[in-house]
Amino acid sequence: MTETVTGGTAANATEARKVAFAAFVGTALEWYDYFLYGTAASIVFNRLYFATGDAAVATLAAFASFAVGFLARPLGAVLFGHLGDRIGRRRTLLITVTLISVVTGLIGLLPDFAAIGLAAPLLLTTLRVLQGIAVGGEWGGAVTLAVEHAPPEQRGRFAALPQIGSPVGTLLSSGAFYFVSLMPDSAFDAWGWRIPFLAAFPLLAVALYLRRRVGESPLFQRLLVEHDRASVPAVELFRRCWRQVLIGLAASLIGIGGFYLLTTFVISYGTTQLGLPRSLMLGATLVAAFVEIGTLLVGGRLADRFSPGKVCLWGGLVSAVAAFPVFWAIDTRNPVLVIVAIAVGINCISVPYAVSGALLAGLFPVRLRYSGVAISANLSGVVSGFVPLAASALVIASDGRSWSVALLLGLLAVSTALGGLLAHRFTPSAAGAVRT
């Protein structure tokens, strides 16, 4: 069943913009915290926390700890999805942003392998698990809150605003590492890399201030009045909406897995396999993230015009076509081509990512929406978390050549295109409609 949301249930445009902005800022800071680990795994943790005599093995170990965070994300999606569908979206989001900021700050205080031995990688991995649990409940709640406040004809563009938190988080995290990487190597290894992680503590105050100023979702408030909340949202979700969960998983693959392939993996590939400067690879992700902001804004507007499913389909197909040329250009080692290739690749995969919030929200009824959006996206995240690890293994298996990684990127893109196609057919009236 679908129902068009009118002004009686959705906040006015001013309130919707305030909510979307708060969702964007909170999500940006959350992704900043989360992305820091991916960048550090490429250039710091492999050497200081997973120290072995083999650089390739150390990198694989660091990426394995990176992937563990994704395994924890469905747990966070179930836990915070339950809270979001039971006690409210706003209160749950205050919990998630607090948890990940505190955990990220603690990583910046953690002694390395030389200081405490095996305890260092074990504690680091534990903190990564807690990061994953927090992120598992963050994005789904931010998107849900933004969509449920939005005017019906503008759901795509409002749902795209939390997505901008991803490139902004990338800009903040990569930018922070770029500047500290300019330090002498001895200072960088000793304490410089810790500064971006410790910054999570003051940034938490900003996120809490903004999120405490927004109201609860009007659609959730209606559920409270009607006593229509699910007793155990996750159980009901898989009983009633398992097809939508699978569709959402597929539609999210390129936006999550492709992103980590083109950032976390490519940074490592460029510095270790191609011998490119660390500053070049980090700078390329900064350029790509800056351009991505515009791509996401355009993608959100396209979703309102053509439907999220169609835009997801188109974006997936374009990403598949671009996969091999992107890696061919990176392999030239030409700095300009490397920057252009990473920017093009990330912006291709950002088209389906721009509409994933609106697409997933349209798949699930209000009483299960927080859980549905969070669980489907984070099940996709489980697969995506192993993409850098799988890509590293593929490079080793293919004698250092990148064609196997380009093929992996293409497969992720085709899966997302299929998810977009099914989502469009499953919710043909998605534009301006909210399932109830």
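A few remarks follow.
So that you can scan it fast, the table gives a plain yes or no per residue for (1) out of contact with any Gly (no Cβ under 8 Å at 6 or more places or on another chain); (2) surrounded by fewer than 18 Cβ atoms within 10 Å (Cβ to Cβ); (3) among the β-branched types (V, I, T); (4) over 21 Å from A320 (Cα atoms):
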residue	(1), (2), (3), (4)
L274	yes, yes, no, yes
P277	yes, yes, no, yes
L296	yes, no, no, no
G299	no, no, no, no
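- All positions within the stretch 131-178 that are more than 14 Å from V25 (Cα to Cα) and hydrophobic (A, V, I, L, M, F, W, C): I133, A134, V135, V147, A150, A176, F177
- Every condition in (1) surrounded by fewer than 24 Cβ atoms within 10 Å (Cβ to Cβ); (2) over 23 Å from S371 (Cβ atoms); (3) out of contact with any Gly (no Cβ under 9 Å at 6 or more places or on another chain) holds for E15 except the one numbered (3).
- Qualifying residue in the stretch 135-156 (condition: surrounded by fewer than 24 Cβ atoms within 10 Å (Cβ to Cβ), among the acidic types (D, E) and farther than 18 Å from A361 by Cα): no
- Those residues of the stretch 410-428 which are in a helix (DSSP H, G or I), in contact with a Gly (Cβ under 6 Å, 6 or more places away or on another chain) and either over 11 Å from G315 (Cα atoms) or of a type in the set (K, R) (or both), in sequence order: L412, A423, H424
- Residue check for R239: under 30 Å from R86 (Cα atoms) and in a helix (DSSP H, G or I): yes
- Any chance R369 is closer than 25 Å to V245 by Cα and basic (K, R): yes
To keep it simple, each residue is scored yes or no on (1) crowded, with 21+ Cβ neighbours inside 10 Å; (2) of a type outside the set (A, V, I, L, M).
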| site | (1), (2) |
| --- | --- |
| S398 | no, yes |
| V405 | yes, no |
| L409 | yes, no |
| T416 | yes, yes |
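- Subset of the stretch 112-132 that is in a helix (DSSP H, G or I) and not hydrophobic (A, V, I, L, M, F, W, C) - its residue that is surrounded by the fewest Cβ atoms within 10 Å (Cβ to Cβ): T126
- Residue that is surrounded by the fewest Cβ atoms within 10 Å (Cβ to Cβ) [pool: residues in the stretch 84-101 that are in contact with a Phe, Trp or Tyr (Cβ under 8 Å, 6 or more places away or on another chain) and of a type in the set (A, V, I, L, M, F, W, C)]: I95
- Among the residues of the stretch 283-299, none is identified as touching a Leu at 6+ places or on another chain (Cβ under 7 Å) and among the charged types (D, E, K, R).
- Within the stretch 246-271, residues that are within 12 Å of L282 (Cβ to Cβ) sit with their Cβ atoms under 7 Å from residues that are among the charged types (D, E, K, R) and part of a helix (DSSP H, G or I), at 6+ positions apart or across chains, in these pairs: T271/R278.
- Within the stretch 210-236, being part of a loop (DSSP other than H, G, I, E, B), modelled with pLDDT of 85 or more, surrounded by 16 or more Cβ atoms within 10 Å (Cβ to Cβ) and of a type in the set (A, V, I, L, M) holds for no residue.
- The stretch 168-191 - residue that is surrounded by 15 or more Cβ atoms within 10 Å (Cβ to Cβ) and of a type in the set (A, V, I, L, M) and, of those, farthest from T264 (Cα to Cα): M183
- If you filter the stretch 287-297 down to residues that are under 15 Å from T263 (Cβ atoms) and small (G, A, S), you find that the one that is modelled with the lowest pLDDT is A289.
Yes/no matrix, rows are residues, columns are (1) modelled with pLDDT under 95; (2) surrounded by fewer than 19 Cβ atoms within 10 Å (Cβ to Cβ); (3) of a type in the set (K, R):
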site	(1), (2), (3)
F265	yes, no, no
M281	yes, no, no
T285	yes, no, no
L313	no, no, no
F324	no, yes, no
I339	no, no, no
I349	no, no, no
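- Out of L93, L109, L75, L71, sole residue that is assigned to a loop (DSSP other than H, G, I, E, B) and either touching a His at 6+ places or on another chain (Cβ under 9 Å) or in contact (Cβ under 8 Å) with a residue 40 or more places away in the chain (or both): L109
- Conditions (1) farther than 25 Å from R155 by Cβ; (2) at pLDDT below 85; number of the one not met by S398: (2)
The values are calculated or read from the model by the stated rules, or taken from the named source; none is laboratory data. Because the structure is predicted, anything quoted here is derived from the model rather than measured. Ideal geometry is used to build each Cβ from the backbone, glycine not excepted, and the neighbour counts take in all protein chains shown.
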